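Following: one structure in C-alpha cells, then a few remarks.
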Amino acid sequence: MTSAGTPAGGDAGDRPGGTAAARFDLTGRTALVTGAARGLGRAFAVALAGAGADLVLTDLPSADGLAETAAAVRESGRGVLTVEQDLSDTGALHGFADRVREQAGPIRVLVNNAGTAALERFNEITPDSWYRVMRVNLDAVFFLTQRVAEHMVADGLPGRIVNITSKNALVAEAGLAHYNASKAAVDLLTQTLAVELAPHGITVNSIAPGMVDTPIDGEFPFDREAFEAEYRRRIPLGRYARPEECTGALLLLAGDDGAYLTGTRIVVDGGVLADQMPRTAFMPPYRTSLGPQRKDGTTS
Ligand SMILES: NC(=O)c1ccc[n+]([C@@H]2O[C@H](COP(=O)([O-])OP(=O)(O)OC[C@H]3O[C@@H](n4cnc5c(N)ncnc54)[C@H](O)[C@@H]3O)[C@@H](O)[C@H]2O)c1
C-alpha cells in the first residue's frame, strides 16, 4: 500500500516540513535550464543557484551570454556546466541529454525555457518560419523532455519539469500565430506528461509569463514605442515584468513545496488575463474612507 504523500514510484528525495528556507532548498540537486544565455533563462538559472542547485546551462552555439550566466551562478558558489546546443536540431536532443547526464550526473529539475518568436501576419508566415518556431518552442520541449524524463525514471529520484509557456497559450495575440500555437501545444503537453509521469514522482508544470522585459521579439516591424505604451496601459499592474519576477513561481515548482503541484500552470502576467476590459483607465481615482489616494497612484 502507498501511504499518503508517498506516490507510487517514490518521493524519497522530497523533504516536506521544516522552515520555509529548507522547503525551497535545492542543495545537492542539478537543474538543466535551456535558453540560459539571457532574459528569463538567465534569471531562472541565477534563482535556482541561489536556492542551492548546481546548474547545467545550454543555449545556441552563437549565443554569447552563456559565460556571463555561468559566472553569475558561480558567484552563488554553485557548480555549473555549459553545453552549447541548437535545440532546433531535433534529432540531436537525446544525445545531448545523454551527454549532459554523463558530465553532470542526474538532472533533478528541467526548465524548458528556450523560445523564439517572430511578429508576422498569419498570411505571411512561410513554412520555414512556422517550422523554426515549432522546432524550438514545441519539438525541442517534447524530445528533450522525453529523454530527460527517461533518465529521471531510471535514476528513481523525484524530478521536476517546468515548461515556460506564455499567456499566449491561453489567449491569442495577433501577429504570432505560430508562437501562440506552439505555446498552447506545450500547455496540453504539460498536462499529458504530468499524468504519464506522476507514477514516477515526476511533476510537470508550466509557467505562463505575460509581458517580460527581455529581448525576445527581436525585429519589431511596427511602432514599438506606441505598442508598448498601449500594452502597458492594458496591464493592470501597469508595467512589464522584470525577468526576476517570474522566478518565485519556478522555485515553488522546483522545490519540495511543489511536490503536489502537477499538470498545472502558474500565470505571471501582472493581471492581464484577469482583465477582460481595461475599464480602470476610465474610472475616477480610487477613493477610500481612510484618506487620499497616494500621489503615485499605487495602493501599496
Ligand atoms: N519575454 C516575454 O515577454 C515572454 C512572455 C511569455 C513567455 N516568454 C517565454 O519565455 C522564454 C524565454 O524568453 P525570453 O523572453 O527570455 O527570450 P530571449 O530571446 O531573451 O531568450 C531566449 C533564449 O533562447 C535561446 N534560443 C532560441 N532559439 C534557440 C535554439 N534553437 N536552441 C537553443 N537556444 C535557443 C536564445 O538564444 C535566448 O538565449 C521563451 O520560451 C518565451 O517564449 C517570454
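The values are calculated or read from the model by the stated rules, or taken from the named source; none is laboratory data. Computed from a prediction, not measured in an experiment: that's the story for all the values here. Here the Cβ is made from the backbone with ideal geometry for all residues, glycine too, and neighbour counts use every protein chain on show.
Does ALA208 satisfy the condition of being buried (at least 21 other Cβ atoms within 10 Å of the Cβ), within 23 Å of GLY41 (Cα to Cα), out of contact with any Pro (no Cβ under 6 Å at 6 or more places or on another chain) and of a type in the set (Gly, Ala, Ser)?
Numbers: buried (at least 21 other Cβ atoms within 10 Å of the Cβ): yes; within 23 Å of GLY41 (Cα to Cα): yes; out of contact with any Pro (no Cβ under 6 Å at 6 or more places or on another chain): yes; of a type in the set (Gly, Ala, Ser): yes.
Considered against the rule, which asks whether it is buried (at least 21 other Cβ atoms within 10 Å of the Cβ), within 23 Å of GLY41 (Cα to Cα), out of contact with any Pro (no Cβ under 6 Å at 6 or more places or on another chain) and of a type in the set (Gly, Ala, Ser), ALA208 comes out as yes.
Once segment 196-212 is narrowed to residues that are among the hydrophobic types (A, V, I, L, M, F, W, C) and over 14 Å from ASN113 (Cα atoms), the residue that is farthest from the ligand (Cβ to nearest atom) is ALA198. Applying the criterion of being crowded, with 18+ Cβ neighbours inside 10 Å and of a type in the set (D, E, K, R) to the residues of segment 148-176, the residue that is nearest to ALA198 (Cα to Cα) is ARG160.
Say whether the condition of being within 11 Å of the ligand (Cβ to nearest atom), modelled with pLDDT under 95 and among the aromatic types (Phe, Trp, Tyr) is met by at least one residue in segment 213-227. Lay out the reasoning, then the answer.
Step one: of segment 213-227, the residues within 11 Å of the ligand (Cβ to nearest atom) are 213-218.
From the residues that got through so far, the ones that are modelled with pLDDT under 95 too are 213-218.
Subsequent filtering for residues that are among the aromatic types (Phe, Trp, Tyr) retains none.
So far as segment 213-227 goes, no, none of its residues is within 11 Å of the ligand (Cβ to nearest atom), modelled with pLDDT under 95 and among the aromatic types (Phe, Trp, Tyr).
Of note, LEU26 satisfies the criterion of being part of a loop (DSSP other than H, G, I, E, B), more than 11 Å from the ligand (Cβ to nearest atom), over 23 Å from MET134 (Cβ atoms) and touching a residue at least 60 places away in the same chain (Cβ under 8 Å).
Here is a check on your reading of the model: is ALA70 within 16 Å of the ligand (Cβ to nearest atom), under 27 Å from ALA249 (Cα atoms) and not acidic (Asp, Glu)? Walk me through how you get there before you give the answer.
On the way: within 16 Å of the ligand (Cβ to nearest atom): yes; under 27 Å from ALA249 (Cα atoms): yes; not acidic (Asp, Glu): yes.
Answer is yes for this residue.
In this structure, SER182 does not satisfy being under 19 Å from GLU244 (Cα atoms) and either away from the ligand (no atom under 16 Å from the Cβ) or modelled with pLDDT of 95 or more (or both).
Would you point out the residue of segment 65-98, among those that are assigned to a helix (DSSP H, G or I) and touching a helix residue (DSSP H, G or I) at 6+ places or on another chain (Cβ under 6 Å), that is nearest to ALA53 (Cα to Cα)? This residue is VAL73.
Report yes if GLY115 is near the ligand (Cβ under 10 Å from one of its atoms) and touching a Gly at 6+ places or on another chain (Cβ under 7 Å), otherwise no. Talk me through it step by step, then tell me what you get.
Values: near the ligand (Cβ under 10 Å from one of its atoms): yes; touching a Gly at 6+ places or on another chain (Cβ under 7 Å): yes.
It is true that GLY115 is near the ligand (Cβ under 10 Å from one of its atoms) and touching a Gly at 6+ places or on another chain (Cβ under 7 Å).
Just to be sure before I move on: is ALA181 of a type in the set (Gly, Ala, Ser), in a helix (DSSP H, G or I) and out of contact with any helix residue (DSSP H, G or I) (no Cβ under 7 Å at 6 or more places or on another chain) in the structure I sent? Spelling it out, ALA181 is indeed of a type in the set (Gly, Ala, Ser), in a helix (DSSP H, G or I) and out of contact with any helix residue (DSSP H, G or I) (no Cβ under 7 Å at 6 or more places or on another chain). Report yes if ALA36 is near the ligand (Cβ under 8 Å from one of its atoms), touching a residue at least 40 places away in the same chain (Cβ under 8 Å), within 16 Å of ALA254 (Cβ to Cβ) and not in a helix (DSSP H, G or I), otherwise no. So ALA36 fits the description; yes.
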